[in-house]
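The values are calculated or read from the model by the stated rules, or taken from the named source; none is laboratory data. What you see is a predicted model, and the numbers here were worked out from it, not measured in a lab. We place every Cβ from the backbone using ideal geometry, glycine too, and count neighbours over all the protein chains shown.
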Amino acid sequence: MSCDNCQHLKIASFCYKELVSKWNNIYHPMSITEGYQNRYIRESHKSGKPFGETKMRFIYCDMGLLNRFYVVRGSKTVRAKASLSHCSSYK
């Protein structure tokens with residue numbers, strides 16, 4: 001089963017500081033991995049924007065059932081699969 005039509009699946013743009021804040025709201029006490037910061041650094045260099053002003057679009061589960069935030073490129077979203085046995089939206 002896919003999360004494509006779930007009301008808790010969100011798409012939003014975040015700078016790194018906003019992403020960390022959102023991550024902490026959803027996944028606390030699990031810390032964000034350094035891979036996200038590395039992606040922002042690469043995107044910052046690629047776009048020529050300062051690190052603090054670089055924004056990226058992500059798709060994520062507002063309920064925290066997905067284990068990460070997925071980068072959205074262009075108009076296509078990642079077809080994320082969750083462990084839906086604990087998801088109230090599918091019960």
Checklist line | Cβ-Cβ under 8 Å pairs, at least 6 apart or on other chains, the range 51-74 side closer than 19 Å to E34 by Cα, far side surrounded by fewer than 20 Cβ atoms within 10 Å (Cβ to Cβ) and acidic (D, E) | finding: T54/E43; M56/E43
Next item on the list: Among residues belonging to the range 24-58 that are over 15 Å from the mean Cα position of the chain (by Cα) and small (G, A, S), point out the one that is surrounded by the fewest Cβ atoms within 10 Å (Cβ to Cβ).
Entry: G48
Notebook entry, point to check: Name the pairs whose Cβ atoms lie under 7 Å apart, with the first residue in the range 14-33 and at negative phi, the second of a type in the set (D, E, K, R), and 6 or more positions between them or separate chains?
Noted result: F14/K22; F14/K55; C15/E53; C15/K55
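Yes or no, residue by residue, for (1) farther than 17 Å from R57 by Cβ; (2) at pLDDT 95 or above; (3) not acidic (D, E):
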site: M1; (1), (2), (3): yes, no, yes
site: D4; (1), (2), (3): no, no, no
site: E18; (1), (2), (3): no, yes, no
site: S44; (1), (2), (3): no, yes, yes
